[in-house]
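Trainee: Mind having a look at this structure? Questions to follow.
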Amino acid sequence: MLLLPLLLLGLILPGGDNEVFQGPASFHLMQISTFANSTWAQNQGSGWLGDLQIHGWESDSGTIIFLKPWSKGNFSNEEMTELEDLFRAYLIGFTREVQDRVNEFQLEYPFVIQITAGCELHSGEAIESSLRGALGGLDFVRIQNHSCVPASDSGSRGQKFCALMNQYQGISDIIERLLSETCPRYLLGVLDAGKAELQRQVKPEAWLSSGPPPRPGRLWLVCHVSGFYPKPVRVMWMRGEQEEPGTQQGDVMPNADWTWYLRVTLDVAAAEAAGLSCRVKHSSLGDQDIILYWGHPTSVGLILVAIIVPSLILLMILAIWFWRRWSYQNIL
């Protein structure tokens with residue numbers, strides 16, 4: 001069944017090396033179902049290529065929202081419509097089943113159920129698929145390799161759920177086919193369809209600032225890096241060629257233009273700030289790392305030059321103008 005996707009994998013990832021692609025290598029659907037009471041429930045859905053959202057779900061109409069022009073991958077409109085109908089029917093049935101079994105599973109309103117299902121590429125030609133369910137943020141069950149496995153701390157709920165799944169063999173077969181056949185084929189197709197954008201390289205911009213001093217005699221140095229793609233980046237506060245201990249990295253956050261932003265901070269004694277630098281490594285930069293120096297003499301000198309030189313030129317122009325005016329008056 002996976003022969004065709006694996007052949008496509010060889011075209012997308014030259015040499016069969018997953019690291020050549022330099023982009024996301026997994027696709028997952030995420031479902032968040034909120035049950036407020038016995039009559040009100042809301043289902044939210046999204047599709048993620050790595051950590052890039054490429055699908056949404058319009059809950060009122062029960063339709064897929066395509067966030068990228070290539071979000072359909074190599075699937076036809078008919079195939080997408082079939083999946084859309086399947087998801088719509090699933091969410092209706094899922095909501096009804098949960099509400100009917102609240103007492104059986106000893107659930108108390110309000111509660112939230114999260115489900116993540118998808119597949120990912122590993123080294124070589126390995127494709128792994130899985131489905132995970134959580135209740136209130138805690139792992140509940142996992143479906144992998146044709147079997148339902150309760151989470152260790154799910155208690156009798158997880159066991160009851162897996163027992164229920166075993167009674168519905170038809171549903172289990174559909175889930176297994178979606179995970180092991182449909183998902184890998186879609187993942188490889190969307191990687192190919194979006195290759196131009198996914199493999200793009202956008203250079204970061206970087207700048208330094210200082211935050212409120214954590215305490216007297218200390219500085220809070222901040223290195224900002226923004227606008228880069230793909231996501232992997234390494235940002236370090238350095239002293240010479242050594243990374244400064246105490247460097248703290250925040251979360252890599254998305255920008256509105258599908259690029260990324262990161263800030264890395266350092267709490268340092270004010271007397272020891274001289275000589276520190278922020279180094280940025282990113283695939284778009286090649287071997288030309290961005291290096292910004294905190295209080296570097298050269299930087300200060302450039303600032304002084306930028307201020308003093310225009311002032312000197314202006315003084316010279318004024319001097320020439322006054323000299324010519326004085327000369328003209330003397331001639332008269």
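The values are calculated or read from the model by the stated rules, or taken from the named source; none is laboratory data. Nothing here was measured: the structure is a model prediction, and the numbers come from that model. Please note: Cβ atoms are built from the backbone with ideal geometry, for glycine as well, and neighbour counts cover all protein chains shown. All accessible areas refer to the heavy atoms of the entire protein, side chains included, with ligands and DNA or RNA removed. Shrake-Rupley method; radii C 1.70, N 1.55, O 1.52, S 1.80 Å.
Trainee: Can you spot a residue in segment 124-135 that is within 16 Å of Leu191 (Cα to Cα), of a type in the set (Val, Ile, Thr) and assigned to a strand (DSSP E or B)?
Mentor: yes
Trainee: Out of segment 198-228, which residues are hydroxyl-bearing (Ser, Thr, Tyr) and either in contact with a helix residue (DSSP H, G or I) (Cβ under 7 Å, 6 or more places away or on another chain) or within 19 Å of Leu52 (Cβ to Cβ) (or both)?
Mentor: Ser226, the sole residue that qualifies.
Trainee: I'm trying to understand the selection: among the residues of segment 250-267, which are touching a Ser or Thr at 6+ places or on another chain (Cβ under 8 Å) and closer than 27 Å to Gln53 by Cα?
Mentor: Selection gives Gly250, Asn255, Thr259, Trp260, Tyr261, Leu262, Val264.
Trainee: Return yes or no: is Glu79 open to solvent by less than 50 Å² (accessible area, probe 1.4 Å) and not in a strand (DSSP E or B)?
Mentor: No.
Trainee: Quick one: would you say Leu219 is farther than 28 Å from Asp251 by Cα, among the hydrophobic types (A, V, I, L, M, F, W, C) and surrounded by 13 or more Cβ atoms within 10 Å (Cβ to Cβ)?
Mentor: Criteria not met by Leu219.
Trainee: Then there's this: Considering segment 232-246 alone, what residues qualify as being of a type outside the set (A, V, I, L, M) and either open to solvent by 90 Å² or more (accessible area, probe 1.4 Å) or touching a Cys at 6+ places or on another chain (Cβ under 9 Å) (or both)?
Mentor: Within segment 232-246, Pro232, Arg234, Trp237, Glu241, Gln242, Pro245 qualify.
Trainee: Another question, if that's okay. How many residues does segment 161-176 hold that are at pLDDT below 90 and crowded, with 16+ Cβ neighbours inside 10 Å?
Mentor: Looking only at that region, the number is 2.
Trainee: Also: Mind checking which pairs have a first residue in segment 137-151 that is without any contact (Cβ under 8 Å) to a residue 60 or more places away in the chain and a second that is open to solvent by 80 Å² or more (accessible area, probe 1.4 Å) and in a loop (DSSP other than H, G, I, E, B), Cβ under 7 Å, 6 or more apart or different chains?
Mentor: Close Cβ pairs satisfying both conditions: Leu138/Asp153.
Trainee: Sticking with this one: Only residues that are crowded, with 17+ Cβ neighbours inside 10 Å and modelled with pLDDT under 90: list them for segment 110-142, please.
Mentor: Answer for segment 110-142, where residues must be crowded, with 17+ Cβ neighbours inside 10 Å and modelled with pLDDT under 90: Leu121, Ile127.
Trainee: Identify the residue in segment 136-165 that is touching a Leu at 6+ places or on another chain (Cβ under 8 Å), in a strand (DSSP E or B) and not charged (D, E, K, R) and, among all such residues, is farthest from Phe35 (Cα to Cα).
Mentor: Gln144
Trainee: Return only the number of the condition from (1) more than 30 Å from Ala270 (Cα to Cα); (2) open to solvent by 70 Å² or more (accessible area, probe 1.4 Å); (3) not acidic (Asp, Glu) that Gly194 does not satisfy.
Mentor: (2)
Trainee: I want to confirm something. Restricting to segment 201-213 and keeping residues that are out of contact with any Gly (no Cβ under 8 Å at 6 or more places or on another chain) and either at pLDDT below 95 or open to solvent by 60 Å² or more (accessible area, probe 1.4 Å) (or both), which single residue is farthest from Ser277 (Cα to Cα)?
Mentor: Gln201
Trainee: While we're on this one: Just checking, which of Phe87, Phe66, Phe27 is touching a strand residue (DSSP E or B) at 6+ places or on another chain (Cβ under 9 Å), farther than 21 Å from Leu179 by Cβ and either touching a residue at least 24 places away in the same chain (Cβ under 8 Å) or not aliphatic (A, V, I, L, M) (or both)?
Mentor: Phe66
Trainee: Which residues, taken from segment 219-253, are free of Cβ contacts under 8 Å to residues at least 40 places away in the same chain, under 12 Å from the mean Cα position of the chain (by Cα) and closer than 20 Å to Ser284 by Cβ?
Mentor: Once the filter is applied, which keeps residues that are free of Cβ contacts under 8 Å to residues at least 40 places away in the same chain, under 12 Å from the mean Cα position of the chain (by Cα) and closer than 20 Å to Ser284 by Cβ, segment 219-253 yields Val252, Met253.
Trainee: If a residue must be in a strand (DSSP E or B), surrounded by fewer than 20 Cβ atoms within 10 Å (Cβ to Cβ) and not small (Gly, Ala, Ser), how many such residues does segment 269-289 contain?
Mentor: Residues flagged as in a strand (DSSP E or B), surrounded by fewer than 20 Cβ atoms within 10 Å (Cβ to Cβ) and not small (Gly, Ala, Ser) within segment 269-289 amount to 2.
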